[in-house]
């Protein structure tokens, strides 16, 4: 069972602490050094303090790097991250729908960080996880976090900016990954809403259902293209299998097991739908590497 | 292909208009009377003006009723709504990921409405659709809309309230449907992450994947209970089939086609998991009624 120590820590959003020890004593983040706290069944809280060059903080949305593999003094990534302990726990936040508390530490390079000390900024849902190649060439884990809407706004809402100094109005960074809806429609119509892996077609009273799946993910840190050559028309089950590294696609467009490389079937293709070998190669690299460690 | 007339209408968020004609002339909502505008391939915009008793406006989140079936003078629902035209279009917004523009009209009973005239409040995603029984006993369609986060905040953010008059701080209505994560974990573990309809189990490098599906949906207007007796452990494909009215469950816990009532298989059950006949009955009522019209 899940303990009640998840969720609201009992301090107000925006509460500021001078030290990590104070954050600990207030019951917000139960570790005085690590960036992630809590492992069972999921992570309880994270502290963002600007240590990882692969992090990206957008206020209501965070791209967060897992822990491990860094040289303590230089902060450089010198080894691959491993999918265990806190890194595994953050995946369970996604799968169990358990939010993490987010604490931001002072960081002059981050406009969403407090000017000094540490600030509790509310609960965020982990909506995405993926292995990726970090800037230093080693394996890192990337988590995509979105702030729960039904909380008091973050301390940064209403800050005047140079672009727009009127109080209460701020042109926020456009952080949402905008998928082109025309491509979503086109890939489904091209394949008649039939899954390119299993051949499944789901007909519902409100029309046929299929999903447009990006082979190389959009957005940080993958930056895959939003193009037909990076899209597949899939049923939800095979979308999960592709996105979570159960299946990979070979350069010959065969569907293979990521774990064993065994070819399971041929991808259902269409002459009007060219698939870029570079994006299936990226997807294979990211997921087969993970399993070999 | 999707025309460019979707999305940002080119007027700033918070822009106020005196009349529906002005909203039309500004290119925001291309109908001077109907609440929904645009049909192909999806709806372009909606105007919320308090006409439907089944609507629920929470600012960043809206439960919106489809059109039709109302007596023009009394506003009472006197017939079933039909899944065509604008009602169908709003389903396509969900499936194609096309946001709708939201305009609010003055309504003294709605704290999120402007004091007078009409206000453009930004883009919302349609994240849910379901038939339901309206308060008057007739079939209505319900849409669940969430405001896109990466826009200027709504005009209501920062409004002082009686509970908290400090500017810039507002205790927003807690609108998110909070599913108990312990139940989500429990239903999956009870069934070993195996789909109760197809028997599918999806093993991934980050653990087995299954979904906890509510038979009678949570939240407006269904208000199903968040309880094991209202949950199934399903694979994503069968979750879609259950939620979108392809499959229903009989009182004998057989899986049947909603369209033909033909029994297709038996639900995979567990003696430690009692399923409430009332919730499968509600689900059957909602979806089989829809198909008979």
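Take residue A:221 and tell me if it is at pLDDT below 95 and within 23 Å of residue A:63 (Cα to Cα).
yes
Filter segment A:189-206 down to the residues that are modelled with pLDDT under 95 and surrounded by 16 or more Cβ atoms within 10 Å (Cβ to Cβ) and list them by number.
A:204, A:206
Could you list all residues from segment A:256-275 that are touching a strand residue (DSSP E or B) at 6+ places or on another chain (Cβ under 7 Å) and touching a residue at least 60 places away in the same chain (Cβ under 8 Å)?
Correct list: A:265, A:267.
When you look at residue A:34, is it over 29 Å from residue B:181 (Cα atoms) and either buried (at least 19 other Cβ atoms within 10 Å of the Cβ) or at pLDDT below 95 (or both), yes or no?
Considered against the rule, which asks whether it is over 29 Å from residue B:181 (Cα atoms) and either buried (at least 19 other Cβ atoms within 10 Å of the Cβ) or at pLDDT below 95 (or both), residue A:34 comes out as no.
Looking at the structure I just gave you, is residue B:111 surrounded by fewer than 18 Cβ atoms within 10 Å (Cβ to Cβ), over 17 Å from the mean Cα position of the chain (by Cα), in contact (Cβ under 8 Å) with a residue 40 or more places away in the chain and away from chain A (no Cβ under 14 Å)?
yes
Testing residue A:92 on (1) more than 11 Å from chain B (Cβ to nearest Cβ); (2) more than 26 Å from residue B:151 (Cα to Cα), one condition comes back false. Which one is that?
(1)
Which of the strands (runs of 3 or more DSSP E) contained wholly in segment B:202-293 include at least 2 residues that are within 12 Å of chain A (Cβ to nearest Cβ)?
Once the strands (runs of 3 or more DSSP E) in segment B:202-293 are filtered for at least 2 residues that are within 12 Å of chain A (Cβ to nearest Cβ), what remains is B:202-204, B:207-209, B:211-214, B:247-249.
For segment A:42-60, name all the residues that are assigned to a loop (DSSP other than H, G, I, E, B) and modelled with pLDDT of 85 or more.
Within segment A:42-60, A:42, A:43, A:44, A:49, A:58, A:59, A:60 qualify.
Suppose we filter B:97, B:68 for residues that are free of Cβ contacts under 8 Å to residues at least 60 places away in the same chain, over 13 Å from the mean Cα position of the chain (by Cα) and more than 9 Å from chain A (Cβ to nearest Cβ); which single one remains?
B:68
What about residue A:253, is it free of Cβ contacts under 8 Å to residues at least 60 places away in the same chain, out of contact with any strand residue (DSSP E or B) (no Cβ under 8 Å at 6 or more places or on another chain) and surrounded by fewer than 18 Cβ atoms within 10 Å (Cβ to Cβ)?
It is false that residue A:253 is free of Cβ contacts under 8 Å to residues at least 60 places away in the same chain, out of contact with any strand residue (DSSP E or B) (no Cβ under 8 Å at 6 or more places or on another chain) and surrounded by fewer than 18 Cβ atoms within 10 Å (Cβ to Cβ).
Output the residues belonging to segment A:19-33 that are more than 17 Å from residue A:145 (Cβ to Cβ) and not in a helix (DSSP H, G or I).
A:19, A:26, A:27, A:30, A:31, A:32, A:33
Here are the criteria: (1) touching a helix residue (DSSP H, G or I) at 6+ places or on another chain (Cβ under 9 Å); (2) buried (at least 19 other Cβ atoms within 10 Å of the Cβ). Tell me which single one residue B:70 does not satisfy.
The failed condition is (1).
What number of residues within segment B:135-147 are buried (at least 23 other Cβ atoms within 10 Å of the Cβ) and more than 14 Å from residue B:61 (Cβ to Cβ)?
Matching residues across segment B:135-147 total 2.
For residues that are at pLDDT 65 or above, within 21 Å of residue B:60 (Cα to Cα) and either crowded, with 18+ Cβ neighbours inside 10 Å or facing chain B (nearest Cβ under 7 Å) (or both), tally how many sit in segment A:157-185.
Looking only at that region, the number is 2.
The values are calculated or read from the model by the stated rules, or taken from the named source; none is laboratory data. Predicted model only: the values in this text are computed from it and were never measured. Glycine gets a Cβ as well: all are built from the backbone with ideal geometry, and neighbour counts include every protein chain shown.
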